[in-house]
Amino acid sequence: MKKFKLLSAVAVAGLLGLSARAAAPVNYNIVTVKLTALVQTNITEDSYKLMKIKLTTKDLLNQIALEFPSNAAAITASGAQLAVSDFFTGTFTVLDKTNGVVLADASDSTNADDYELYFDYDNYIYSYSDKGSNETYGYVTVSYFDYENANDTVYFDIDGSATVNYKYTDNKDTESFKFSGVGDGEYNGNEAVVTGTAKGRGTFD
């Protein structure tokens, strides 16, 4: 199973998520991430404690910027947005505050390292309804949210489930999804348990 990688020194700072955004872009789901990692840390030879780390959308954008330094200023700029074109595709994109594409593929890089970031899925079931001008699909799927930094010192694999809804009308098509799960990980050599959610919503032509 692929690793979800997402945790870094920036995460320790507990940066806040994005605030105001532009109108929803067309053909992208804007993604909001809210994760919590409990990291086991060694205080003394016979003493351990659990350190809680919050990871938000903004923290993840900072992680992406470390992997793509030539785009870093735009990725970390005010109003930058994390997006996917479709949950089942799983590839992340970074948009600016006006919904322009800053980084088309934020899931993989051409660097010879371990970096990766993506959604993945396994089995799914779905419902379907066709009411003339209103057609809907509702999926429930076994899903994964994985991140790993460049040198594999920070990563986590989150296993869980996602609900993915599509609605097609005469005026517009929409997608929304919510992933939630729990998984293991590592933060600078320390084991971690990670829980949380990732949500997305978008309009498509």
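With runs of 4+ DSSP H residues as the only contributors, calculate the mean residue ellipticity of the chain at 222 nm using -39,500 (n - 2.57) per run, divided by the residue total and rounded to the nearest 500.
-2000 deg cm²/dmol
Size of the dipole of region 81-123 about the Cα centre, Lys and Arg at +1 and Asp and Glu at -1 on the beta carbon, nothing else charged, in debye to 20?
Rounded to the nearest 20 debye, it is 320 debye.
Considering the dipole of the chain built from charges on the beta carbon (Lys and Arg +1, Asp and Glu -1) around the Cα centre, which of 134, 91, 156 is farthest to its positive end?
Farthest towards the positive pole: 134.
What do you get for the angle between helix 57-67 and the principal long axis of the chain? Use alpha-carbon atoms, 0 to 90 degrees, nearest ten.
That helix lies at roughly 70 degrees to the long axis.
Would you mind computing the Rg to Rh ratio of region 124-169 from its alpha-carbon coordinates, Kirkwood style for Rh?
The Rg/Rh ratio comes out at 1.28.
At 7 Å along the Cα-to-beta-carbon direction for both residue 112 and residue 193, put a label point, then send me their distance in nm to one decimal.
4.0 nm
Taking N as the number of residues in region 45-155, what is its Cα Rg relative to 2.2 N^0.38 Å?
In units of the 2.2 N^0.38 Å rule of thumb, it is 1.36.
Roughly how big is region 24-140's charge dipole about its Cα centre, with Cβ charges of +1 (Lys, Arg) and -1 (Asp, Glu), in debye to the nearest 20?
So the magnitude is around 660 debye.
Taking +1 at the Cβ of each Lys and Arg and -1 at the Cβ of each Asp and Glu, which of 200, 189, 111 sits farthest along the dipole of region 105-205 towards its positive end, judged by Cα position relative to the Cα centre?
Among 200, 189, 111, the one farthest towards the positive end of the dipole of region 105-205 is 200.
On a straight-distance basis, which aspartates and glutamates could pair with residue 131 in a cross-link, Cα separation under 13 angstrom, same-chain partners fewer than 8 positions away excluded?
Straight-distance partners of residue 131: 170.
Which entries of 97/172; 49/97; 34/97 show an alpha-carbon separation above 30 angstrom in the structure shown?
From 97/172; 49/97; 34/97, over 30 Å: 49/97.
In whole Å, what three semi-axes, largest first, describe the equivalent ellipsoid of the chain built from its Cα gyration tensor (square root of 5 times each eigenvalue)?
Whole-Å semi-axes of the equivalent ellipsoid: 31, 20, 14.
Let's see if you can work this out: charge +1 on each Lys and Arg Cβ, -1 on each Asp and Glu Cβ, no other charges. What is the dipole magnitude of the chain about its Cα centre, in debye to the nearest 20?
Here the size comes out at about 1020 debye.
Give or take rounding to whole Å, what are the principal axis extents of the alpha carbon atoms in region 90-205, in descending order?
Result, largest extent first: 55, 32, 21 Å.
Bear in mind that the values in this text are calculations on the coordinates, not laboratory data. Since the structure is predicted, the reported quantities are computational estimates derived from the model, not experimental observations. Ideal geometry is used to build each Cβ from the backbone, glycine not excepted, and the neighbour counts take in all protein chains shown.
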